[in-house]
Amino acid sequence: MTADQTFDVIVIGAGSTGENVADVVVKGGLTAVLVESELVGGECSYWACMPSKALLRGTEVLEEARAVGGAAAAVTGEQDVAATLARRNSFTSNWDDSGQVTWVDGAGIALVRGAGRLDGEKRVVVTAADGSTSTLTARHAVVVCTGSEAAVPPLEGIDDVEVWTAREATSAQQVPGRLVILGGGVVGVEMATAWSALGSQVTLLQRGDRLLAGQEPEAGDAVAASLRDRGVDVQLNTSVTAVRKDGDGVVVVTGAGEVRGDQFLVAAGRRARTGDIGLDTVGLAPGEYLDVDDTLRVRGVDWLYGVGDANGRRLLTHMGKYQARQAAAAIVARATGEQVSMADWSPFVATADAAATPQVTFSIPQVASVGITAAQAEEQGIAHTVVRYELGNVAGSALFADGYAGKAVAVVDTDRQVLVGLTFVGPGVSEMLQAATIAVVGEVPISRLWHAVPAYPTMNEVWLRLLETLRDQ
Ligand SMILES: Cc1cc2nc3c(=O)[nH]c(=O)nc-3n(C[C@H](O)[C@H](O)[C@H](O)COP(=O)(O)OP(=O)(O)OC[C@H]3O[C@@H](n4cnc5c(N)ncnc54)[C@H](O)[C@@H]3O)c2cc1C
Ligand SMILES: NC(=O)c1ccc[n+]([C@@H]2O[C@H](COP(=O)([O-])OP(=O)(O)OC[C@H]3O[C@@H](n4cnc5c(N)ncnc54)[C@H](O)[C@@H]3O)[C@@H](O)[C@H]2O)c1
């Protein structure tokens, strides 16, 4: 039993978002406690970003070496699967959070282990693993950073089969023989790429007519072609309707027939982890993403915040951490009676969520994007033009890989003459994204972008080619 205590700020959930909220409020002079029911560090560290990228990196680096004449000759063996899994294990510290706990201690943040539950205004009851409870009281704010979990659709037979979610897919210690994946979004695509390279026979079932549906069409098309080239059975316009056991494996039923597998991964999106955190005790509906304003404060409850995946705005680690910095600044300011500006791009609001979210899908080829797509510009009624360029035509790309294939798609707001979206598809494009993010956030006029001269011979020369194409079209 932990003694009841009072803090300026209580943060429920010590994932990457919660850690950042607590860190910034403590640096701002307030006291903070993190409440965590599983591992300090959350999904990203143990079952999402880090293990998935560790699984993918070896495959990517081999692919890059094989695409460079001369260097390719040195690649004579196959990827060491056991060593790849071991390296992935080391990136999760073997699912041990003591390193992160040391950081929390060093940052001057209190930590209480257990499941946190709101219990009326500014009060959180924590139930520890041994069933004992303690009550925490907040002087200023309670911040819900409980994240999200895999949404498993209620398919016929789903309760009778063993289902993998992203957690099992990123932490598996053995390569599945036949892996059937429901969902061709980011999780489905990354896991199809990783496990097919490590030896699984993968079938990827996607309801819509493209993979990576929210991205520019060039992204999903290139990734589907590449997955097929590496032996993945990509089935588009295919909806899964039912599943049943088949010996040790599973039969997945779709509109087009049946697919047999040894493992069945459901990658059909996420849902808020807010079902059992006492939202009803403060008049809110449990189980929903928290409805927040741009300072990430829950509408109608002036001491409650919802930050990171828990608000459903942008399900990405870096955006959760960004929201954490903005929300924490607002909490500190409100605690000290300082004015909190709600204006776009103020230090207290998460304007980039809507205007300039960067994202990288670590598929082969990579997809790196920021801002809005052409389709979103259309939906939002923004006067725009779309500029496309073959990335392979740039000298830096040809040097990067023999036969480099890739695309750049830029969306330009023609009234304001600024870039509002940019997507790169191709090997190595993830490291080019930050320049695009700065151009979109900074609303850099196209006329000024001509002065941002890309170094020769780098792939960034595509910026010049995009400007020339825009000028000439
Ligand atoms: C397979 C996969 C790969 C991904 N790859 C990337 C990537 O490459 N890059 C990227 O930017 N994003 C990626 N994401 C998304 C990223 O993982 C999430 O956006 C991020 O983890 C959200 O952080 P969070 O702190 O808001 O939530 P979480 O990381 O989910 O943390 C929430 C924490 O709250 C705790 N908790 C929940 N309820 C309670 C309670 N009642 N009491 C106490 N504690 C509680 C949980 O145990 C958890 O530790 C990926 C997601 C998946 C599924
Ligand atoms: N690299 C990264 O940044 C990264 C990696 C992984 C996950 N994430 C985050 O996690 C979130 C969740 O990813 P996700 O891939 O689970 O969700 P998603 O929403 O991106 O994709 C789910 C896909 O499943 C399909 N689907 C749903 N039900 C289906 C059915 N019955 N049959 C066939 N297809 C079906 C949907 O049409 C959709 O295309 C992402 O939005 C992203 O924010 C990020």
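No value in this document is a laboratory result; all are computed from the given coordinates. These numbers were taken from a predicted model, which means no experiment stands behind them. Don't worry about glycine lacking a Cβ; one is built from the backbone with ideal geometry, like all the others, and counts go over all protein chains shown.
Can you give the charge dipole size of the chain about its Cα centre, rounded to the nearest 20 debye, using +1 on the beta carbon of Lys and Arg and -1 on the beta carbon of Asp and Glu?
Approximately 460 debye in magnitude.
Starting from the amide H of Val234, placed 1.01 Å from N in the peptide plane, find each other amide H under 5 Å away whose residue is 5 or more places distant or on another chain.
Leu204
Quick test of the membrane-span-like rule: which DSSP H helices of the chain reach at least 20 Å along their long axis (C-alpha atoms) with mean Kyte hydropathy at least -1.0?
Details: long enough: 49-66 (25 Å, -0.18); 317-335 (26 Å, -0.12).
Long hydrophobic helices here: 49-66, 317-335.
For the range 338-473, give the magnitude of the charge dipole about the Cα centre (Cβ charges: +1 Lys/Arg, -1 Asp/Glu; no others), in debye to the nearest 20.
About 280 debye.
Within 10 Å, count the other beta carbons around each residue, average over each peptide in 323-336, 122-135, and list them highest first.
Packing order, densest peptide first, comes out as 323-336, 122-135.
Tell me the mean residue ellipticity at 222 nm calculated for the chain from its helices only (DSSP H runs of n ≥ 4, each -39500 (n - 2.57), averaged over every residue, nearest 500).
Working: 15 runs with 146 residues, N = 473.
For the chain, the value works out to -9000 deg cm²/dmol.
Tabulate in residue order the Karplus-calculated ³J(HN,Hα) for the range 234-243, using 6.51 cos²θ - 1.76 cosθ + 1.60 with θ = phi - 60°, rounded to whole Hz; enter x for Gly and Pro.
Those phi angles translate into 8, 10, 8, 6, 10, 9, 7, 10, 7, 9 Hz.
Pick out, in residue order, every one of the chymotrypsin sites (Phe, Trp or Tyr not before Pro) in the range 396-473 that is DSSP loop and has at most 16 other C-beta atoms within 10 Å; say none if there are none.
Trp450
Residue by residue through the range 355-370, what is 3J(HN,Hα) from phi via Karplus (6.51 cos²θ - 1.76 cosθ + 1.60, θ = phi - 60°)? Round to whole Hz and write x for glycine and proline.
Calculated HN-Hα couplings, in order: 8, 7, 7, x, 8, 10, 9, 8, 8, 10, x, 5, 10, 10, 9, 8 Hz.
Give me, ordered by chain and number, the residues 5 or more places off His384 or on other chains with an amide H under 5 Å from its own placed amide H.
Under 5 Å from the amide H of His384: Thr414.
Under 27 Å Cα to Cα from Lys27, which lysines show up? Leave out anything in the same chain fewer than 8 places away.
Lys122, Lys321
Please list, or write none, the aspartates and glutamates whose alpha carbon is within less than 12 Å of the alpha carbon of Lys245, excluding same-chain residues fewer than 8 places away.
Result set, ordered by chain and number: Glu156, Asp159, Asp160, Glu162, Asp262.
Dividing the alpha-carbon radius of gyration of the range 1-44 by 2.2 N^0.38 Å (N being the number of residues), what value is obtained?
Relative to the 2.2 N^0.38 Å estimate, the range 1-44 comes out at 1.16.
Hey, in the chain, which Cys have no second cysteine's beta-carbon closer than 4.7 Å?
Taking the Cβ cut-off of 4.7 Å, the unpaired cysteines of the chain are Cys145.
So how strong a dipole does the range 25-142 carry about its Cα centre when Lys and Arg Cβ are +1 and Asp and Glu Cβ are -1, to the nearest 20 debye?
Around 380 debye, computed over the range 25-142.
How high is the relative contact order of the range 416-473, given as a whole-number percent (alpha carbon pairs under 8 Å, six or more residues apart)?
On the way: 29 pairs, mean separation 19.7, N = 58.
Result for the range 416-473 is 34 percent.
Would you work out the relative contact order for the chain, in percent, from Cα pairs under 8 angstrom that are 6 or more residues apart? Could the numbers behind the result be given before it?
Values: 1021 pairs, mean separation 66.5, N = 473.
Dividing the mean separation by the residue count of the chain yields 14 percent.
If amide hydrogens are placed 1.01 Å from N in the peptide plane, which non-local residues have theirs closer than 5 Å to the one on Arg207?
Placed amide hydrogens put Gly183, Gly184, Thr238 under 5 Å from Arg207.
Report for the chain the percent antiparallel among DSSP-assigned beta bridges with both residues inside it, nearest 5.
So the antiparallel bridges amount to about 60 percent of the total.
Would you calculate the volume per residue, in Å³, of the smallest convex hull containing every Cα atom of the range 217-279? Mind dumping the intermediate values first?
Working: hull volume 10.2 nm³, N = 63.
In the range 217-279, the Cα convex hull volume per residue is 161 Å³.
Would you work out which of Pro286, Ser171, Val223 lies farthest towards the positive end of the dipole of the chain? Charges go on Cβ: Lys and Arg +1, Asp and Glu -1.
Towards the positive end, the residue furthest out is Val223.
Apply the Karplus curve 6.51 cos²θ - 1.76 cosθ + 1.60, θ = phi - 60°, to the phi angles in the range 294-306 and return the couplings in whole Hz, x for Gly and Pro.
For the range 294-306, the Karplus curve yields 6, 8, 6, 8, 5, 4, x, 10, 6, 10, 10, 10, x Hz.
Given the Cα-Cα distance of Thr281 and Thr336 and 0.36 nm per residue of separation, how much length would full extension add, in nm?
Contour length minus Cα-Cα distance gives 17.1 nm.
When all alpha-carbon pairs of the range 365-472 are counted, what percent fall beyond 20 Å?
33
Could you grab the Rg to Rh ratio for the range 158-268? Cα atoms only, Kirkwood for Rh.
Looking at the range 158-268, the ratio lands at 0.94.
Give, in whole angstrom and from largest to smallest, the semi-axes √(5λ) of the equivalent ellipsoid of the range 419-467, with λ running over the eigenvalues of the Cα gyration tensor.
With the √(5λ) rule applied to the range 419-467, the semi-axes are 17, 14, 9 Å.
Using Cα centres only, tell me the gap between the range 126-202 and the range 456-473 in whole Å.
Computed from Cα coordinates, the inter-centre distance equals 41 Å.
Would you mind ranking Val282, Val143, Val24 so that the residue whose beta carbon has the fewest other beta carbons within 10 Å leads the list?
In order of increasing Cβ crowding within 10 Å: Val282, Val24, Val143.
Along each principal axis of its Cα atoms, how long is the chain end to end? Whole angstroms, biggest number first, please.
65, 64, 42
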